[in-house]
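Notes to accompany the following structure.
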Amino acid sequence: MTKLVILWLRQDLRLHDNPALIAAINSNQPIIFLYILDDTLNIGGASRWWLHHSLDALAQSLQKKGATLVLRKGAAKTILPQLVTATDADKVMWNRRYDSAGIAIDTEIKTSLGAAGVRCESFNSHLLFEPWTIKNKQGKPYQVFTRFWNHCLEQPTPPIPLAAPDQLTSVEIASDPLESWNLLPTKPDWSGGLKDTWQPGEAAALARLENFLDELVADYKEDRNRPDLTATSRLSPSLAWGEISPRVIYYETRRMMHNNSITARGGQALLSEIGWREFSYHLLFHFPDLPTAPLKSQFKNFPWAKDENLFHLWTKGLTGYPIVDAGMRELWHTGWMHNRVRMIVASFLVKDLLLSWQQGAAWFWDTLVDADIANNSASWQWVSGCGADAAPYFRIFNPILQGEKFDPNGEYVRKWIPELKDLPNELIHKPWQASTARLSVANVQLGITYPKPIIDHDKARHRALAIFHGLPKG
Ligand SMILES: Cc1cc2nc3c(=O)[nH]c(=O)nc-3n(C[C@H](O)[C@H](O)[C@H](O)COP(=O)(O)OP(=O)(O)OC[C@H]3O[C@@H](n4cnc5c(N)ncnc54)[C@H](O)[C@@H]3O)c2cc1C
């Protein structure tokens, strides 16, 4: 009798450009399409919401092609051997992951199943370039983005994306109902803003890419720092869950640049951001402690403050700095925050409040729909000054100037902090400088309807500089 192959889906929730899927089909064996909710892995609340809807979308796409998605909950290292025995499978296929916990699980499974005569095959679906293939002249990992990315661009181009299969068949076995996993919040259901903002799933991700390349990429280079505009692709949650392949983004962007349907300026800017994502994964793979430990050792004993009240005010968007608060409220409401504003709020947490980047990263992890262990860890370290190619410690974002520069008409602030909407543009980023009369006309009562600044930025800046300056030299 023909043996079965198990296709173990993880952060590759798509049918297009899915090398493990195509390899399973090419084996000419009956396939089990499996997703395991591995509760030994930590998935944040907003990501759980996304995962629910993405699995739902994937199950529907599979069904349209004739296959069924099987859901199982538990530790993968227990579930997989059980399933292999119960179904008499002789192969398990998956696309690779790059975080240390994931690699450890995969290695253990590969070894134990291998010893039982079950072949495990893994593929790259998540990155353009495998992290171990990119090394500097000394054979070491890169720690400077431009050198890393230039080196990547000198490599043979990544494999051409694989088409989604037309038809599928699968083996039907018992599956958990998706609802039984309770991935959606109920008490309370805080997901209203997520529902209004996002459509998870592969089809919606491909449509977002198409729309971005048709409508937005032309001005992307100029406008990508403006949170008041819809100027970026919003592909991050889909990339995080593998609903879209980075190779599809790479090839589609290059194809449109070559036939002049989009400008090289816009296209290159997008590819460079995809490059930053590759760089984060490069760092995560080569420095597995990236999520917890600073890359620059002189930051190891940094005297971070511990102040739950200040942290709470930051999370709730109640710092009294409008651009910071707008960002934190956008995050809470939609599960996403504009990149420029992520930098501003992160800088405020670690440099103005002196709270640790790990604390900030953990909040992002729980609230972002695009929570990505590589991007989140590398970016927090970058802002804090302790990561690879990091912003130097003396770069401390001024929340007023940043607001005035990147939200010049205050529209972003007005959207997320309606209680300030009647302030004039010249005061919207610094309401505490408004006269009592101006505040009264705008119906703002500082300290009552909107907080006074929880810290004086200039003083906080000097305090941070003094501490950073005193760090041991790296
Ligand atoms: C403190 C902090 C935390 C962050 N946490 C995450 C996270 O958990 N998950 C995440 O995907 N991104 C994270 N980022 C990076 C960035 O903010 C988001 O990728 C971006 O805002 C997503 O929006 P977009 O898809 O419209 O981006 P676009 O500008 O359209 O870029 C396209 C894609 O390129 C990648 N990209 C863009 N900017 C960066 C960057 N600076 N670093 C790495 N990759 C990038 C993303 O995959 C993004 O989807 C973080 C940035 C900061 C400063």
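The values are calculated or read from the model by the stated rules, or taken from the named source; none is laboratory data. Owing to the predicted nature of the structure, the values given are computational and were not obtained by experimental measurement. Don't worry about glycine lacking a Cβ; one is built from the backbone with ideal geometry, like all the others, and counts go over all protein chains shown. Surface areas here come from the heavy atoms of the whole protein model, side chains and all, with no ligands, DNA or RNA. Shrake-Rupley method; radii C 1.70, N 1.55, O 1.52, S 1.80 Å.
If you go through segment 400-453 one residue at a time, how many are among the polar types (S, T, N, Q), open to solvent by 40 Å² or more (accessible area, probe 1.4 Å) and either within 30 Å of E222 (Cβ to Cβ) or in contact (Cβ under 8 Å) with a residue 60 or more places away in the chain (or both)?
Residues flagged as among the polar types (S, T, N, Q), open to solvent by 40 Å² or more (accessible area, probe 1.4 Å) and either within 30 Å of E222 (Cβ to Cβ) or in contact (Cβ under 8 Å) with a residue 60 or more places away in the chain (or both) within segment 400-453 amount to 3.
If we only count helices (runs of 4 or more DSSP H) wholly inside segment 246-316, which ones have 3 or more residues that are farther than 23 Å from S356 by Cβ?
Of the helices (runs of 4 or more DSSP H) lying wholly inside segment 246-316, those with at least 3 residues that are farther than 23 Å from S356 by Cβ span 246-258, 264-286.
Given (1) in contact (Cβ under 8 Å) with a residue 24 or more places away in the chain; (2) open to solvent by less than 80 Å² (accessible area, probe 1.4 Å), where does I160 come up short, assuming only one miss?
Every condition holds for I160 apart from (2).
Would you pick out the residues in segment 22-42 that are surrounded by 17 or more Cβ atoms within 10 Å (Cβ to Cβ) and without any contact (Cβ under 8 Å) to a residue 24 or more places away in the chain?
Of everything in segment 22-42, nothing turns out to be surrounded by 17 or more Cβ atoms within 10 Å (Cβ to Cβ) and without any contact (Cβ under 8 Å) to a residue 24 or more places away in the chain.
Return the residues of segment 66-85 that are out of contact with any strand residue (DSSP E or B) (no Cβ under 6 Å at 6 or more places or on another chain) and without any contact (Cβ under 8 Å) to a residue 60 or more places away in the chain; say none if nothing qualifies.
Result: G74, A75, K77, T78, P81, Q82, T85.
Can you confirm whether G327 is within 11 Å of the ligand (Cβ to nearest atom), over 30 Å from K135 (Cα atoms), at pLDDT 95 or above and in contact with a Lys or Arg (Cβ under 8 Å, 6 or more places away or on another chain)?
yes
All but one of (1) of a type in the set (D, E, K, R); (2) open to solvent by 90 Å² or more (accessible area, probe 1.4 Å); (3) in a loop (DSSP other than H, G, I, E, B); (4) not assigned by TED's automatic domain parsing to the domain that holds S238 hold for K110, so report the exception by its number.
Against the list (1) of a type in the set (D, E, K, R); (2) open to solvent by 90 Å² or more (accessible area, probe 1.4 Å); (3) in a loop (DSSP other than H, G, I, E, B); (4) not assigned by TED's automatic domain parsing to the domain that holds S238, K110 comes up short only on (3).
Can you confirm whether segment 349-371 contains a residue that is within 27 Å of L229 (Cα to Cα), surrounded by 23 or more Cβ atoms within 10 Å (Cβ to Cβ) and polar (S, T, N, Q)?
No, segment 349-371 contains no residue that is within 27 Å of L229 (Cα to Cα), surrounded by 23 or more Cβ atoms within 10 Å (Cβ to Cβ) and polar (S, T, N, Q).
Among the residues of segment 262-295, what is the count of those that are open to solvent by 70 Å² or more (accessible area, probe 1.4 Å) and not acidic (D, E)?
Adding up the residues that qualify gives 4.
Look at segment 86-125 and say how many of its residues are touching a residue at least 12 places away in the same chain (Cβ under 8 Å), of a type in the set (S, T, Y) and either touching a strand residue (DSSP E or B) at 6+ places or on another chain (Cβ under 6 Å) or closer than 18 Å to V5 by Cα (or both).
Count: 4.
Going by the structure shown, is T169 within 30 Å of Q29 (Cβ to Cβ) and either in a helix (DSSP H, G or I) or open to solvent by 50 Å² or more (accessible area, probe 1.4 Å) (or both)? Even if it seems obvious, please write down each step before you answer.
Details: within 30 Å of Q29 (Cβ to Cβ): yes; either in a helix (DSSP H, G or I) or open to solvent by 50 Å² or more (accessible area, probe 1.4 Å) (or both): yes.
In short, yes.
Regarding segment 214-228, can at least one residue be identified that is in the same structural domain as Q155 (by TED's automatic domain parsing), surrounded by 22 or more Cβ atoms within 10 Å (Cβ to Cβ) and either among the basic types (K, R) or part of a helix (DSSP H, G or I) (or both)?
Yes, segment 214-228 contains at least one residue that is in the same structural domain as Q155 (by TED's automatic domain parsing), surrounded by 22 or more Cβ atoms within 10 Å (Cβ to Cβ) and either among the basic types (K, R) or part of a helix (DSSP H, G or I) (or both).
Residue-wise test of (1) under 19 Å from the mean Cα position of the chain (by Cα); (2) farther than 30 Å from G275 by Cβ.
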site	(1), (2)
I373	yes, no
W382	yes, no
G385	no, no
P392	no, no
I400	no, yes
K415	no, yes
L420	no, yes
L423	no, yes
I428	no, yes
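Would you mention how many residues in segment 237-277 are in contact (Cβ under 8 Å) with a residue 12 or more places away in the chain, among the basic types (K, R) and under 23 Å from E222 (Cα atoms)?
Total meeting the criteria: 3.
Looking at A231, A204, can you tell me which residue is under 18 Å from the mean Cα position of the chain (by Cα), of a type in the set (A, V, I, L, M), outside any helix (DSSP H, G or I) and surrounded by fewer than 20 Cβ atoms within 10 Å (Cβ to Cβ)?
A231
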